[in-house]
2 protein chains.
Amino acid sequence: MELWYTEKHTDNVSLSIKVDKQIYSGKSEFQRIDIFDSKEFGRIMVLDGYLMLTEKDEFIYHEMITHVAMCVHPNPKKVLVIGGGDGGTVRELTKYDFIEKIDLVEIDEEVVDVSKKYLHTTALKLDDPRVTCYYEDGLKFIRRVNDEYDIIIVDSTDPFGPGEGLFTREFYGNCYKALHDDGIMVNQHESPFYEGDAEAMQRAHKRICMSFPISKVYQVHIPTYPSGHWLFGFASKKYHPVKGVNWDRWKKLGLKLKYYNTALHAGAFALPNYVEELLRDVES
Amino acid sequence: MELWYTEKHTDNVSLSIKVDKQIYSGKSEFQRIDIFDSKEFGRIMVLDGYLMLTEKDEFIYHEMITHVAMCVHPNPKKVLVIGGGDGGTVRELTKYDFIEKIDLVEIDEEVVDVSKKYLHTTALKLDDPRVTCYYEDGLKFIRRVNDEYDIIIVDSTDPFGPGEGLFTREFYGNCYKALHDDGIMVNQHESPFYEGDAEAMQRAHKRICMSFPISKVYQVHIPTYPSGHWLFGFASKKYHPVKGVNWDRWKKLGLKLKYYNTALHAGAFALPNYVEELLRDVES
């Protein structure tokens, strides 16, 4: 017998992964949650049919959504993660001893429960004493927060279903308000390659530009995401993501990572012409 | 009816592309050649079952295999392309007025014929007066060449089948010999992500390091290749690929490209830690 998980990246292209077996399948209040084991990618989490993470390449996503802002900000003590119920982003944040408080706002408590049960690789730090989990809609949570965080990481699903509100202008404006005067917001920013993804990416960029004076985009290779070409947004009140960064301060921490390094950080902000043009088209 | 082209990237993962119809299928002396039309990717060329190029993303591969060396070398007049029968690399080279001679060595004349007939996007400059096509094995061609070229671009298929010889130590050594004292070789360098590809990538890097004093690797996003994370090798007798490059000279040429720019060029040499480690493991 062969069992294959297939995700359509567009109507006309799909990625298929051979799986050994299905470990879990359930329906929460918000979405369907599936866990598979596979030879090539280890354990895999799928939400509403969309691949969220695999054990083999989640380090790329989680390192790159976390360490860029952590390197740029000179003194981050309080970090908010919106989404990210699998715990991968929290795991990366807990590598910094000087972070005092990590708040995780995940709309779907079952994602956290399932992750704690089946995804130890990412969930292992969710019980760190510095971590507080709030199970509610990030869009609502952020409305009542003012001048509270150094960094906000929007570790969302795609801009439809439960994650839709995390791509709105209102949400980004409230993230701005929730940050300190030198705060940084990083967000999962979709892909520039396929037309539908690129439009979502442009919409997000346009809305972030409306709220933040500094709004840049950086790119990474995520093999299991559509096209493998993925973007993160870096929005900031004060700090540029590359110019003036004190790289040595970060290097002195001596963190051992599999993907991120400071040269890659700087290089990731250099985008192909066609991506630059997509971004420029919505900046005004 | 639905018609899907599927390529196995490993035994456990595959990419499938919906095709409208098969435009051509033939068997040359060296390999099977297939051409498809697809809605998502336009026209597609497949050799021995492996996707070589699509109209939608070939610009990434061809721009990045060509313009990095063209930007670094201060005065390239004579360029050799080994493989590349589709003409995409030649097309990029012909954008430089100051190039005087482009030799293309393609083992399989039928790839050139089929490309001229069905792939106008890439093949349109193969009849440029500066271009000479040699239909023979690049491994043999290069043996009899000495101190002849400023740049050699190894635009090969994968390291098995007709392209196998283009990944040998003998071949790289002969490329060194065929280059002028300040010559540069760029090669298609496989992917670091899946185990089998990463081993091929390491073997190539090890062998290139044996022949060239400067041997670096740079990365690009090619959505239709396995994992989307692709590498090129930059091997050089004299010029570093980033340090000391006269970026302004290249910018003044005013070339309009879809992917390549000089910031991206510099950024592409900043590699993830795990790729750096794979490379270091075979350097000695």
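Just a few scattered comments:
- Inter-probe distance in nm under a simple model that places probes 7 Å from Cα toward Cβ, at B:LYS238 and A:GLN22: 6.4 nm
- Partner aspartates and glutamates whose Cα lies under 19 Å from the Cα of A:LYS252, excluding those fewer than 8 positions away in the same chain, are identified as A:GLU63, A:GLU92, A:ASP97.
- Listed residues A:LEU126, A:TYR194, A:ILE153: farthest to the positive end of the dipole of segment A:58-280 (Cβ charges): A:ILE153
- Computed [θ] at 222 nm, helices only, for chain A once each DSSP H run of length n ≥ 4 contributes -39500 (n - 2.57): -8500 deg cm²/dmol
- A:THR132/B:LEU3 FRET efficiency (R0 56 Å; Cβ-Cβ; nearest 0.05): 0.60
- Where only C-alpha atoms are counted, convex hull volume of segment A:205-284 per residue in Å³: 113 Å³
- 18 Å reach of a label modelled at B:TYR274, 7 Å along Cα-to-Cβ, counting backbone N of segment B:10-25: B:10-14
- Ranked A:GLU277, B:GLU106, B:GLU55, B:GLU29, criterion: other C-beta atoms within 10 Å, fewest first: B:GLU29, A:GLU277, B:GLU55, B:GLU106
- When the listed pairs B:LYS177/B:LYS216; A:LYS39/A:LYS95; B:LYS216/B:LYS237; B:LYS95/B:LYS140; A:LYS27/A:LYS117 are checked against a 21 Å cut-off, the alpha-carbon distance exceeds it for A:LYS39/A:LYS95; B:LYS95/B:LYS140.
- Between segment A:243-276 and segment B:54-100, the Cα center-to-center distance that results, in Å: 29 Å
- Phi to ³J(HN,Hα) by Karplus 6.51 cos²θ - 1.76 cosθ + 1.60 over segment A:32-42, Hz, x for Gly, Pro: 7, 10, 10, 10, 10, 9, 9, 6, 6, 10, x
- Cα-centred dipole magnitude for segment A:3-54, charges only on beta-carbon of K, R (+1) and D, E (-1), debye, nearest 20: 140 debye
- Counting Cβ atoms of other protein chains within 10 Å of each Cβ in A:40-46 and taking the mean gives 1.
- Inter-chain neighbour count for B:221-234: the average number of beta-carbon atoms from partner chains within 10 Å of each residue's beta-carbon is 4.
- Size of chain B: Rg and Dmax of its alpha carbons, in Å, are 17.8, 58.
Read-outs: derived from the displayed coordinates by stated rules, not from any lab. What you are looking at is a predicted structure, and each value in this text was computed from that prediction instead of being measured. All Cβ positions, even for glycine, are placed from backbone atoms using ideal geometry, and neighbour counts span all protein chains on display.
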